[in-house]
1. Look through the stretch 102-116, keep the residues that are touching a helix residue (DSSP H, G or I) at 6+ places or on another chain (Cβ under 9 Å) and in a helix (DSSP H, G or I), and return whichever of them is farthest from residue 79 (Cα to Cα).
2. Within the stretch 13-30, count every residue that is in contact (Cβ under 8 Å) with a residue 40 or more places away in the chain, under 13 Å from residue 61 (Cα atoms) and surrounded by fewer than 16 Cβ atoms within 10 Å (Cβ to Cβ).
3. Go through the stretch 158-254 and tell me which helices (runs of 4 or more DSSP H), entirely inside it, have 3 or more residues that are over 27 Å from residue 295 (Cβ atoms).
4. For a quick check of your reading: which strands (runs of 3 or more DSSP E) sit entirely within the stretch 1-93 and have at least 2 residues that are under 29 Å from residue 110 (Cα atoms)?
5. Check whether at least one residue in the stretch 263-283 is buried (at least 18 other Cβ atoms within 10 Å of the Cβ), outside any helix (DSSP H, G or I) and within 16 Å of the chain's Cα centre (by Cα), and report yes or no.
């Protein structure tokens, strides 16, 4: 038997139960990974509450982890027992040990430790696709990034600065503002103290930003549309404050023929080559020091409910990693 966090009923953090689960042999095309570090992400909360629908109840939440291969099933090549590996966006990570398709694993470089890998796989690969393939951020662009001191924000803002963009970040307090400045933001706006729309237009001399990245959702969406230049792009990739309500699509034309996308990482790492390219791009910028990873907060897996509470209350910065 192994220990895992299991959700039997949708709801609050109290639904995250620490239980025994079967430890079974890997099946066709699978390997068994013994986790050493597990990442925590807002998408885990979406599934726990039912905002995103899990395939069935009960289920084990969690979407990223690092660990060591300790068993291999039939018809698996390219992976061997003892390999250090990591993965992202494969549900079922809140457990000591699991079976997973070998094709979804990424080999870890020797100089990327397990805690770092668990802290950056989902968030860092999200930063890669958001900036390079979705927003196509380039030198000279001015961009707006909400939640700039969050897990994705701290990585993405550094990466965007390296690409030559001027980054405007929004945060909710002074400590988060300090972190945002230290991690790539040229301008930081505390949206609790003031509306971010007027400062964005002052910074861009009335033009607006080329791309706005918004993981906050309900409370920021409409105002963010007011910050984008004509024919600019709105990237809505999360909804930590709630679901964006329906709106009249003609608003996009009224505000300057804006583009709007609601992407997800799964669509950008759907094939094995895409997964490896995305992960390797991330590892390259981390190893080169272009993107510096803030040491994650570490909690025992059994205490993941505390991590969920802090995320929902927006009390956390950077990443949270669980130790099995």
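1. Checking each candidate, the answer is 116.
2. 1
3. By residue number, 197-203, 221-225, 250-254.
4. 2-7, 30-39, 64-72, 84-88
5. Looking for residues that are buried (at least 18 other Cβ atoms within 10 Å of the Cβ), outside any helix (DSSP H, G or I) and within 16 Å of the chain's Cα centre (by Cα), one finds at least one in the stretch 263-283, hence yes.
Throughout, read-outs are computed from the coordinates displayed, never taken from laboratory work. Since we're looking at a predicted model, the values are computed, not measured. Quick reminder, even Gly has a Cβ in these numbers, built from the backbone with ideal geometry, and neighbours come from all protein chains shown.
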